[in-house]
Amino acid sequence: MVFYAIFVTYDDNANAKLQNNETNPMENSLYRDYPFFADVQVMIFIGFGCLLAFFRFYGFSGMVFNFLTATFSIQWAILIQGFFQFFYDGKIHLGVINLLNAEFACAVVLISFGAVLGKTSPVQLLVMALLEIPVFAVTEWAVLKYIRINDAGGSILIHLFACYFGLGVTFVLYRPGLNDGHAKETTSYQSDILSVMGTLFLWVFWPSFNSALTLKGDDQHRAILHTFIGLSSSTMTAFALSAVFNRRGKLTMADIQNVTLAGGVTVGASVDMMISPVAAYGLGIMGCTACFFGYKYLTPFIARHLRIQDQCGIHNLHGLTGLISSTAGICAILLANEETYGPSMYQIFSHRAPPLGDPKLLELQKLIPGLKPGLGRTAQEQALYQVAAIFSTIAASTVGGLLTGLVIKLPFMASPTDEDCFDDGLFFDMPSDFESVAIKTTKSCDEKGEMNSNV
């Protein structure tokens, strides 16, 4: 509260003193930004919340700790991102666009949270968010200001960062006693239904997530189309793969909860580009396939051999698909030309626009009023900067995750014991029927529940 009192004020669109807000209220940015903010709100608090409630005895914690962590992360991100992006005249100027950016930072934290689900205390989660937000904000600022890339859907700065930060944390928090599973690491009919509801909320609103920060007009239109096509193709592929590769041709709920979302990530880096609808469809299939086999084979492998217990399989849904998406984005940049895009190419790929003083810039500004000077990069140069951004983001997030893991592993962070993992009873006053069901399940659970992965 002290920081808000000292540093935060209204931006121009929320300031009653400005005459434009009185005479032309419909020109206020609220009407442009709020629909996207509302959609992402649903994803953060309902989509992620329900999705993380898939464990039978950890449903309260999955939903409530998501609520707690998300609320804290957004408040903290408004301050940290504000200093980098919205700070002038000694104040952070607050508008709906700040909230939208803060929600993207919050999504980063919640994705990373998936790697340690069930194995951390609320104190550890809050400290994790406290440390991750600044690392993310600095990385985002450095990549966008100095490397300067195209990443409309956040495949690099959101998904790859969140994934490798979370893997860094869970590597440090490695628990050998959980390698063979846990008696309460199980799902139920009701918890799986709740988790699929979370998937549906994420699925429905993902086009808003991918298109919120794109240029308005045809760019945003393409982003919505590509995201929907990618999600649709990954969903159909997920059902097919689940039926073919599981016993007796039956579907597995873990596949439906997770793999169906892969297309939304895979189209992210090129979501606003002229990649064609069929390319979006193909990216959805590729992302889904990588995600499916990652859950099936890669997650158990890295748990046993690399000491990375990726509880919700974030490396599959956000890491592998993020790498595919980043590669697709590089290919789209290399293929981009004026014949395909027209003069608007220099709006979409703003860093390829002619620099200040170049006669070509004046010609383009006659066709596109308001076009800003760029850096004059070639397609090949921009592609190399994209590669640099990928590696620098992965490096920064991994180091940040390892250091954060060391901090939250300290004894006073109230980490639960192996026996108390995946148990709501450790943190909540539970209903009367919870204890009897838990005891019955623990006694009868000789076979370890398969690691049902989410996020």
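Search the range 184-220 for residues being of a type in the set (Val, Ile, Thr) and under 19 Å from Gly263 (Cα atoms), and hand back the single one that is surrounded by the most Cβ atoms within 10 Å (Cβ to Cβ).
Thr199
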Quiz item: For the range 1-82, which fully contained helices (runs of 4 or more DSSP H) count at least 1 residues that are touching a residue at least 40 places away in the same chain (Cβ under 8 Å)?
Solution: 2-7, 30-42, 48-51
Self-check item: Any pair with Cβ under 7 angstrom, 6 or more apart, that starts in the range 174-199 at a residue that is at negative phi and in a helix (DSSP H, G or I) and ends at one that is surrounded by fewer than 19 Cβ atoms within 10 Å (Cβ to Cβ) and modelled with pLDDT under 90
Solution: Gly177/Asp418; Leu178/Asp418
Quiz item: Just one of Leu402, Leu384, Leu334 is closer than 17 Å to Ala152 by Cα, surrounded by fewer than 19 Cβ atoms within 10 Å (Cβ to Cβ) and either at pLDDT 95 or above or within 27 Å of the chain's Cα centre (by Cα) (or both); which is it?
Solution: Leu334
Exercise. Output the residues belonging to the range 250-300 that are in contact (Cβ under 8 Å) with a residue 40 or more places away in the chain and of a type in the set (S, T, N, Q).
Key: Gln257, Asn258, Thr260, Thr266, Ser270, Thr289, Thr299
Practice problem: Determine whether the range 390-409 contains at least one residue that is of a type in the set (D, E, K, R) and under 30 Å from Phe171 (Cβ atoms). | Solution: yes
Practice problem: Tell me, please, whether a residue that is over 21 Å from the mean Cα position of the chain (by Cα) and surrounded by fewer than 24 Cβ atoms within 10 Å (Cβ to Cβ) can be found in the range 256-275. | Solution: yes
Quiz item: Take the residues of the range 245-254 that are assigned to a helix (DSSP H, G or I) and at pLDDT 90 or above: which is nearest to Ala223 (Cα to Cα)?
Solution: Met253
Exercise. Considering every residue within the range 232-242, establish whether at least one is of a type in the set (Val, Ile, Thr), touching a residue at least 24 places away in the same chain (Cβ under 8 Å), assigned to a helix (DSSP H, G or I) and more than 23 Å from Phe301 (Cα to Cα).
Key: yes
Quiz item: Between a first residue in the range 102-130 that is surrounded by 23 or more Cβ atoms within 10 Å (Cβ to Cβ) and a second residue that is of a type in the set (Asp, Glu), which pairs have beta carbons less than 7 Å apart while being 6 or more apart in sequence or on different chains?
Solution: Val108/Glu132; Val109/Glu132; Ser112/Glu132; Ala115/Asp310
Exercise. Within the range 97-121, track down each residue that is over 12 Å from the mean Cα position of the chain (by Cα), part of a helix (DSSP H, G or I) and of a type in the set (Val, Ile, Thr).
Key: Ile97, Val116
Quiz item: Does the range 52-63 include one or more residues that are within 22 Å of Gln309 (Cα to Cα), surrounded by fewer than 21 Cβ atoms within 10 Å (Cβ to Cβ) and within 19 Å of the chain's Cα centre (by Cα)?
Solution: yes
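The values are calculated or read from the model by the stated rules, or taken from the named source; none is laboratory data. Because the structure is a prediction, the values reported are computed rather than measured. Using ideal geometry, Cβ is built from the backbone for each residue, glycine included, and neighbour counts are taken over all protein chains shown.
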